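A.B. asks: Before we start, here is the structure in question, set down as structure tokens.
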There are 2 protein chains.
Amino acid sequence: MTPATPGHAAITPIESAAIAARAASRVLATLDTSTKNALLTDLAASIAVATPALLVANASDMHAARTAGLADAKIRRLALTEASLAHLAEGLRQVASLPDPIGQVTRDDVVPSGLRVRRVRAPLGVVAMIYEARPGVTADAFALCFKSGNACILRGGKEAAASNAVLAALIHAALARHGLPEAAITVVADPSREVLRTLLGLDAHIDLVIPRGGTDLIAFVREHATIPTIQHYQGICHVYLDAAADLDMAERICVTAKTSAPAACNAAECLLVHRAIAPTLVPRLAALFAAAGVEVRADADAHALSPTTRPAAPEDFGREFLDLVVALRVVDDLDAAVAHIRRHGSDHTEAIVTDDPAAAARFTREVQSSCVLVNASTRFNDGFQLGLGAEIGISTSRLHAYGPMGLEELTTQRWIVEGTGQTR
Amino acid sequence: MTPATPGHAAITPIESAAIAARAASRVLATLDTSTKNALLTDLAASIAVATPALLVANASDMHAARTAGLADAKIRRLALTEASLAHLAEGLRQVASLPDPIGQVTRDDVVPSGLRVRRVRAPLGVVAMIYEARPGVTADAFALCFKSGNACILRGGKEAAASNAVLAALIHAALARHGLPEAAITVVADPSREVLRTLLGLDAHIDLVIPRGGTDLIAFVREHATIPTIQHYQGICHVYLDAAADLDMAERICVTAKTSAPAACNAAECLLVHRAIAPTLVPRLAALFAAAGVEVRADADAHALSPTTRPAAPEDFGREFLDLVVALRVVDDLDAAVAHIRRHGSDHTEAIVTDDPAAAARFTREVQSSCVLVNASTRFNDGFQLGLGAEIGISTSRLHAYGPMGLEELTTQRWIVEGTGQTR
């Protein structure tokens, strides 16, 4: 944190919001757990009550998105339903039920000088998040930041503006009912890059920015942010089908990893098939994907084995389709698979299917993505599935938090040292 | 990590060094512990053998620094002696003796889906460090990065160029003897801001940059870095002498915290005295500091109590003197002390001297610096003193590592998940 530069320029609305967020963060840092949980439970109830209003707002977002010709995958991410709102409210109750990380002592030792040394979890302070269409993120991100004692500044996509405005109003009302500062959450309504650029320079008031999105957003943030950043970059996730793969298991994993949630960041985008099993597996995969409505973009070798696939263009490798499309390539061996992943992957999630423990060990050692799975779908790289209880997203930054970010990952650790007059 | 942009510009020397560092980092990531320890032990021996050569190089740095009129505090940081080199070699042996963090399993659970979920420490990859005069940092930083499986790119101050060049040559020779890639360490000899700016943009090849230094360096890095950053910013450390302070303890802590190592970042720079004890304590402190050769810059109230002090200018508060100079201020109460620290501190180290447990509890809760001490000198915020075994510096960034950074703080954690065909 740098002291704010005393300037002569007028303070912009986003800067005054950040200053208010900093002040709110000092209040949030010392709230007791029961106060935080009561707010979250109350908010869950008010989302249930306000479901009709949320659906109306979301319908207007959806209408505008269709009129603007937004891609189907993006429209799917934008949609709220009665079921998804119930799930969202349940998520808030679940965050309330999780242990409070703040004040947790991760070390407590007496060192040789006689000092008692404790390492204690503390909030980061003010967390900004920049994300795209999915409006549910607004409530999730608030809940996780609030429970971990952080104020948040949320800048969602303009496509979800109406849905986000109603969610923000519900959260502000709940905070007011509990006598808590409304600046615990700021939803930035102005979608301009100018405001984003200003926000990214507010390192005096904001401690972390989490950009969640594609190449353009990440590049813009990297260019302009003076605030520390944890990227939630795209998931270009690979499944490598080893020579020693169980073919039935390989099929089940590949098909579900692509089809169960094609717009999710942990969905498989590219399958790498060992040459030894390609003549059997590629035609079987091609038939299954065709039946599931998935377009397969195959390299020359794979296409030769299964002419119903579409020949891949070079740019189909290293691409996040976020849709019912998958790339398929035949590789000579595990080394070639690792080299392909190093070149085209995004450090997000990679899986190997194999019955050979040596191949599994080499793959998990040589591929250093945030999550590497053996004989399981890439879709398990998820805070709930890995036991974190909740997640704000999946970090592809190696610093601070690599992989799913839950409550603990929204905290820092500081040192509290008690002595009896020790000097040095 | 972003893929390098295919560009038409020629690759600069610093970029090709970073590419070589990335390649070396893949080798370092999988080295076994005994190989790493053997290298470090061997390097310690070669520093002992090469002590005369190091002292000659350091003498030429010192001569140039004196000729250039460098401040005394900086010259003190630059000096190497037989004793400091022995200490440095001992530090390398100590790093060899510390547990290897790489591969450590920090979680190992079977989750309800039947997946075995492990969280495992892994290297960050390539770590760049930018620092000033102290040449010992070159060996320390290499040792910690190497033991934690990281390649490093070190850009020391130009004042220490000759000393750093000899250290780099010794390390390269040791790496070569052990058949390890010399690009495990790059010492950047070119001191220009142009090269620094290029380095700060190499996010495709460098995973972390640690700037260790003052305001100008930190501001430059914040402005230009697209690489994630952990700042080791200045230590504007405060000691608050509470109304309930033991006065003898207060004196001992204040005097040693300033004088034992005035150029250290954890030295006290400002003392805040509660008004109730000021009439007694301020004159006693003034006399002790005068005897120890420390210049006291006092606010009006403190100066009135002890006219031998020098009246402080406004800019003496919030200033890192790095010298035998200390600021002194009388405050009305604990709230005023906390407010002063929030305004002028650098989130580094703050201490309270008090016999009142309630005051200690409030101070440690409301001051969220990386290390807050009760009844002990600020000088204990140090990786060795807090039990980390070693440190590369003290982070004032809240992300990833806040406070002293040892081996563990130079690693990330990734997830390794083993299944039996789980799909979703």
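A.B. asks: Is it true that A:GLY421 is over 14 Å from the mean Cα position of the chain (by Cα), more than 30 Å from A:PRO123 (Cβ to Cβ) and at the interface with another protein chain (Cβ under 7 Å from one of its Cβ atoms)?
C.D. replies: Details: over 14 Å from the mean Cα position of the chain (by Cα): yes; more than 30 Å from A:PRO123 (Cβ to Cβ): yes; at the interface with another protein chain (Cβ under 7 Å from one of its Cβ atoms): yes.
Spelling it out, A:GLY421 is indeed over 14 Å from the mean Cα position of the chain (by Cα), more than 30 Å from A:PRO123 (Cβ to Cβ) and at the interface with another protein chain (Cβ under 7 Å from one of its Cβ atoms).
A.B. asks: How many of the residues making up the range B:326-351 are in a strand (DSSP E or B) and in contact with a Phe, Trp or Tyr (Cβ under 6 Å, 6 or more places away or on another chain)?
C.D. replies: Within the range B:326-351, residues that are in a strand (DSSP E or B) and in contact with a Phe, Trp or Tyr (Cβ under 6 Å, 6 or more places away or on another chain) number 1.
A.B. asks: Here is a follow-up. Could you give me the residue pairs with C-beta distances under 6 Å whose first residue belongs to the range B:30-53 and is under 15 Å from B:ALA83 (Cα atoms), whose second residue is surrounded by 13 or more Cβ atoms within 10 Å (Cβ to Cβ) wherever it lies, and which are 6+ apart or on separate chains?
C.D. replies: B:ALA44/B:ALA89; B:ALA44/B:LEU92; B:ALA44/B:ARG93; B:ILE47/B:ALA89; B:ALA48/B:ALA89; B:ALA50/B:LEU170; B:THR51/B:LEU85; B:ALA53/B:VAL166
A.B. asks: A:PRO228 fails exactly one of the following numbered conditions: (1) under 17 Å from A:CYS371 (Cβ atoms); (2) touching a strand residue (DSSP E or B) at 6+ places or on another chain (Cβ under 8 Å); (3) at the interface with chain B (Cβ under 9 Å from one of its Cβ atoms). What is the number of that condition?
C.D. replies: Here A:PRO228 clears every test but (1).
A.B. asks: Specify the residue that is nearest to B:ASP72 (Cα to Cα); the eligible residues are those in the range B:251-265 that are at pLDDT 95 or above and at the interface with chain A (Cβ under 9 Å from one of its Cβ atoms). Walk me through it before giving the result.
C.D. replies: First, pick out the residues of the range B:251-265 that are at pLDDT 95 or above: B:251-260.
This time we only want the ones that are at the interface with chain A (Cβ under 9 Å from one of its Cβ atoms), so: B:252-253, B:255-257, B:260.
Values: B:ARG252: 26, B:ILE253: 25, B:VAL255: 20, B:THR256: 20, B:ALA257: 19, B:SER260: 16 Å.
Among them, the one singled out is B:SER260.
A.B. asks: Take the residues in the range B:160-208 that are of a type in the set (Ser, Thr, Tyr) and not in a helix (DSSP H, G or I), then tell me which one is surrounded by the most Cβ atoms within 10 Å (Cβ to Cβ). Give the derivation first.
C.D. replies: To start, the set of residues in the range B:160-208 that are of a type in the set (Ser, Thr, Tyr) comprises B:163, B:186, B:192, B:198.
Checking the rest, the ones that are also not in a helix (DSSP H, G or I) come to B:186, B:192.
Numbers: B:THR186: 25, B:SER192: 10.
If we take residues in the range B:160-208 being of a type in the set (Ser, Thr, Tyr) and not in a helix (DSSP H, G or I), then B:THR186 is surrounded by the most Cβ atoms within 10 Å (Cβ to Cβ).
A.B. asks: Same structure again: Of (1) touching an Asp or Glu at 6+ places or on another chain (Cβ under 6 Å); (2) surrounded by fewer than 24 Cβ atoms within 10 Å (Cβ to Cβ), B:GLU223 satisfies all except one. Which?
C.D. replies: It fails just one condition, (1).
A.B. asks: For the range A:238-250, enumerate the residues that are surrounded by fewer than 22 Cβ atoms within 10 Å (Cβ to Cβ) and either within 10 Å of chain B (Cβ to nearest Cβ) or without any contact (Cβ under 8 Å) to a residue 24 or more places away in the chain (or both). Before you say what the answer is, go through the steps one by one.
C.D. replies: Step one: of the range A:238-250, the residues surrounded by fewer than 22 Cβ atoms within 10 Å (Cβ to Cβ) are A:243-244, A:246-249.
Scanning the range A:238-250 gives A:ASP246, A:ASP248, A:MET249.
A.B. asks: While we're here: Condition first: in contact with a Leu (Cβ under 7 Å, 6 or more places away or on another chain) and farther than 17 Å from B:SER377 by Cβ. Can you find one or more residues in the range B:261-274 that meet it?
C.D. replies: Checking the range B:261-274: at least one residue is in contact with a Leu (Cβ under 7 Å, 6 or more places away or on another chain) and farther than 17 Å from B:SER377 by Cβ.
A.B. asks: Condition first: surrounded by fewer than 17 Cβ atoms within 10 Å (Cβ to Cβ) and either in contact (Cβ under 8 Å) with a residue 60 or more places away in the chain or under 18 Å from the mean Cα position of the chain (by Cα) (or both). Now tell me which residues in the range A:251-282 satisfy that.
C.D. replies: A:SER260, A:ALA261
A.B. asks: Mind listing whichever residues of the range B:293-336 are touching a helix residue (DSSP H, G or I) at 6+ places or on another chain (Cβ under 8 Å), farther than 21 Å from B:THR256 by Cα and touching a residue at least 40 places away in the same chain (Cβ under 8 Å)?
C.D. replies: B:VAL331, B:LEU334
A.B. asks: Still on this structure, please answer the following. Tell me, which residue of the range A:152-209 that is of a type in the set (D, E, K, R) and under 20 Å from the mean Cα position of the chain (by Cα) is nearest to A:ASN58 (Cα to Cα)? Steps first, answer last, please.
C.D. replies: Of the residues in the range A:152-209, the ones of a type in the set (D, E, K, R) are A:155, A:158-159, A:177, A:182, A:190, A:193-194, A:197, A:203, A:207.
Among the residues that remain, those that are also under 20 Å from the mean Cα position of the chain (by Cα) are: A:155, A:158-159, A:207.
Details: A:ARG155: 17, A:LYS158: 12, A:GLU159: 10, A:ASP207: 31 Å.
Result: A:GLU159.
A.B. asks: While we're looking at this one, here's another question. Can you say whether B:ARG379 is among the charged types (D, E, K, R), crowded, with 21+ Cβ neighbours inside 10 Å and closer than 23 Å to B:ALA286 by Cβ, as far as the supplied structure shows?
C.D. replies: Values: among the charged types (D, E, K, R): yes; crowded, with 21+ Cβ neighbours inside 10 Å: yes; closer than 23 Å to B:ALA286 by Cβ: yes.
Yes; evaluated as a whole, the condition is true for this residue.
A.B. asks: Look at A:HIS348 and say whether it is closer than 22 Å to B:ARG424 by Cα, surrounded by 20 or more Cβ atoms within 10 Å (Cβ to Cβ) and more than 10 Å from chain B (Cβ to nearest Cβ). Can you show your working first?
C.D. replies: On the way: closer than 22 Å to B:ARG424 by Cα: yes; surrounded by 20 or more Cβ atoms within 10 Å (Cβ to Cβ): yes; more than 10 Å from chain B (Cβ to nearest Cβ): yes.
Taking the combined requirement at face value, the residue satisfies it.
A.B. asks: Can I ask one more? Search the range A:357-385 for residues being within 14 Å of the chain's Cα centre (by Cα) and either touching a residue at least 60 places away in the same chain (Cβ under 8 Å) or facing chain B (nearest Cβ under 7 Å) (or both), and hand back the single one that is nearest to B:ALA401 (Cα to Cα). Talk me through it step by step, then tell me what you get.
C.D. replies: First, the residues of the range A:357-385 that are within 14 Å of the chain's Cα centre (by Cα): A:370-371, A:379-385.
Next, from what is left, pick out any that are either touching a residue at least 60 places away in the same chain (Cβ under 8 Å) or facing chain B (nearest Cβ under 7 Å) (or both): A:370-371, A:379-382, A:385.
On the way: A:SER370: 19, A:CYS371: 22, A:ARG379: 30, A:PHE380: 28, A:ASN381: 24, A:ASP382: 24, A:GLN385: 27 Å.
Top of the filtered list is A:SER370.
A.B. asks: Right, another one. Given the options A:ALA339, A:ALA390, name the one that is over 22 Å from the mean Cα position of the chain (by Cα) and either of a type in the set (A, V, I, L, M, F, W, C) or away from chain B (no Cβ under 12 Å) (or both). Write out each step before concluding.
C.D. replies: Details: A:ALA390 fails: over 22 Å from the mean Cα position of the chain (by Cα).
Every option except A:ALA339 fails the conditions.
A.B. asks: Of the residues in the range A:108-143, how many are aliphatic (A, V, I, L, M) and closer than 23 Å to A:ASP61 by Cβ? Let's see the steps before the verdict.
C.D. replies: Filtering the range A:108-143 for residues aliphatic (A, V, I, L, M) gives A:110-111, A:115, A:117, A:120, A:122, A:124, A:126-130, A:133, A:137, A:139, A:141, A:143.
Restricting the remaining residues to those that are closer than 23 Å to A:ASP61 by Cβ gives A:128-130, A:133, A:137, A:139, A:141, A:143.
Within the range A:108-143, residues that are aliphatic (A, V, I, L, M) and closer than 23 Å to A:ASP61 by Cβ number 8.
A.B. asks: Quick check on B:ALA219: is it out of contact with any Leu (no Cβ under 6 Å at 6 or more places or on another chain) and among the aliphatic types (A, V, I, L, M)? Spell out the reasoning first.
C.D. replies: Values: out of contact with any Leu (no Cβ under 6 Å at 6 or more places or on another chain): yes; among the aliphatic types (A, V, I, L, M): yes.
Against the criterion (out of contact with any Leu (no Cβ under 6 Å at 6 or more places or on another chain) and among the aliphatic types (A, V, I, L, M)), B:ALA219 qualifies.
A.B. asks: Suppose we keep only residues that are in contact (Cβ under 8 Å) with a residue 40 or more places away in the chain and more than 8 Å from every other protein chain (Cβ to nearest Cβ) within the range A:397-418. Which one would you say is surrounded by the fewest Cβ atoms within 10 Å (Cβ to Cβ)?
C.D. replies: A:GLU408
A.B. asks: Also: Could we say that A:SER306 is touching a Pro at 6+ places or on another chain (Cβ under 9 Å) and assigned by TED's automatic domain parsing to the domain that holds A:VAL326 here? Reasoning before the result, please.
C.D. replies: Working: touching a Pro at 6+ places or on another chain (Cβ under 9 Å): yes; assigned by TED's automatic domain parsing to the domain that holds A:VAL326: yes.
Spelling it out, A:SER306 is indeed touching a Pro at 6+ places or on another chain (Cβ under 9 Å) and assigned by TED's automatic domain parsing to the domain that holds A:VAL326.
A.B. asks: Do the conditions hold for A:PHE321, that is, is it assigned by TED's automatic domain parsing to the domain that holds A:ALA245, assigned to a helix (DSSP H, G or I) and in contact with a strand residue (DSSP E or B) (Cβ under 9 Å, 6 or more places away or on another chain)? Walk me through how you get there before you give the answer.
C.D. replies: Values: assigned by TED's automatic domain parsing to the domain that holds A:ALA245: yes; assigned to a helix (DSSP H, G or I): no; in contact with a strand residue (DSSP E or B) (Cβ under 9 Å, 6 or more places away or on another chain): yes.
No: the conditions fail for A:PHE321.
A.B. asks: Can you pull out the residues in the range B:109-138 that are more than 34 Å from the chain's Cα centre (by Cα) and surrounded by fewer than 20 Cβ atoms within 10 Å (Cβ to Cβ)?
C.D. replies: B:ASP109, B:VAL110, B:VAL111, B:PRO112, B:SER113, B:GLY114, B:ARG116 - these are the residues of the range B:109-138 that are more than 34 Å from the chain's Cα centre (by Cα) and surrounded by fewer than 20 Cβ atoms within 10 Å (Cβ to Cβ).
The values are calculated or read from the model by the stated rules, or taken from the named source; none is laboratory data. What you are looking at is a predicted structure, and each value in this text was computed from that prediction instead of being measured. With ideal geometry, Cβ positions are generated from the backbone for all residues, glycine too; neighbour counts draw on all protein chains shown.
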